[in-house]
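Here is the structure we will look at.
The values are calculated or read from the model by the stated rules, or taken from the named source; none is laboratory data. Everything numeric here is computed off the predicted structure, so don't read it as measured data. As a convention, Cβ positions derive from the backbone with ideal geometry for all residues, glycine included, and neighbour counts pool all protein chains shown.
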Amino acid sequence: MNSKQKISFNKIGIWADFDIAKISSLANQALRLLENLSIAFEKLHYKSFGNSNQTIKLSGFDLIVTIGGDGTLLSAAQNCAKQGIPLLGINLGRIGFLTDIAPDEFEKTLTDILQGNYLEENRDLLSARLMHNGECIAEGAALNDITVKVNTGGRMQDFATYINDQFVNHHAGDGVIVTSPTGSTAYALSCGGPIIEPSVKALAVVPICPHSLSDRPIVVKSDSQIKIKLQPRFDDEADISCDGNTIGALNADNELIIETSKLAINLLHSPEHDFYASLRSKLSYGANQSNQF
């Protein structure tokens, strides 16, 4: 966690899907709280912006507060990172690992944070570049992960992975995930990937449904360049997604390069935020009788 000088909040954007009743209701409570604290605010109906790869001008905001699930926070992350605006999440989703403020505690927690009582955390983003004959034909960024996945049901593909131009392996399966520490508790975890503590400077390459008992995830340094190629096998392509947003397709004539981005997001948390407590409470990490102290 960071101990920078506390940020002063003069104008806050409430980033939410206001068409959903329970989200709109909580958002309106947040807006009334901001009004009572004499803090300027603006509603940001993110569904009207398109996908998260679209640049949205957020000038004048000192903080963006998302209300929804982790997907809602991810939809704001790239724009906040580009414009140096900190991000805070109130959870109305299923798990809410990134959006760690509970709805029944949000008024007290949000008030504390707005009065300067919070923790800061910098999280690196990932960058993806789809290259063809040495030229970039598509690019994107992600806070969680970049995924290459076959788009034809029931059919495997062959992927070749390189790290810093060194050949690693051929992977036969449904695809490959490259995850940041932030995304290690998301899709990659469900594919058998490791949990990476957020402050660790590392990336993980995780196979999706590998057709081999020996094809395992690998953790590499965060300054590594990861290259993925699709081996000629069928006429199929593999979709490339950055935090769930498709940016292009990998085929035998191009290659995907993934690196740690120069962009980073500043996440704000309540002073009581505990990564390991979140693992236990939200992912039932290590849940057994011996943990009952």
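Beta carbons closer than 7 Å, at least 6 apart along the sequence or on distinct chains, pair a first residue in the stretch 76-88 that is farther than 15 Å from Ala142 by Cα with a second that is of a type in the set (Val, Ile, Thr) and part of a loop (DSSP other than H, G, I, E, B) for Pro86/Ile7. When His132 is tested against (1) out of contact with any strand residue (DSSP E or B) (no Cβ under 9 Å at 6 or more places or on another chain); (2) in the same structural domain as Gly244 (by TED's automatic domain parsing), exactly one condition is not met: (1). With the requirement that a residue be charged (D, E, K, R) and surrounded by 16 or more Cβ atoms within 10 Å (Cβ to Cβ), what does the stretch 148-164 give you? Once the filter is applied, which keeps residues that are charged (D, E, K, R) and surrounded by 16 or more Cβ atoms within 10 Å (Cβ to Cβ), the stretch 148-164 yields Lys149, Asp158. What are the residues in the stretch 190-245 that are of a type in the set (Asp, Glu), within 30 Å of Leu119 (Cβ to Cβ) and in contact with a strand residue (DSSP E or B) (Cβ under 8 Å, 6 or more places away or on another chain), if any? Listed by number, the residues that qualify are Asp223, Asp243.
Applying the criterion of being of a type outside the set (A, V, I, L, M, F, W, C) and more than 11 Å from Gly71 (Cβ to Cβ) to the residues of the stretch 83-97, the residue that is surrounded by the fewest Cβ atoms within 10 Å (Cβ to Cβ) is Gly84. Listed by position, the strands (runs of 3 or more DSSP E) contained in the stretch 110-216 that have at least 3 residues being within 20 Å of the chain's Cα centre (by Cα) and free of Cβ contacts under 8 Å to residues at least 60 places away in the same chain are 175-179, 202-208.
For the stretch 250-286, the set of residues classified as more than 30 Å from Asn151 (Cβ to Cβ) and among the hydroxyl-bearing types (Ser, Thr, Tyr) consists of Ser270, Tyr276, Ser278, Ser281, Ser284, Tyr285, listed by residue number.
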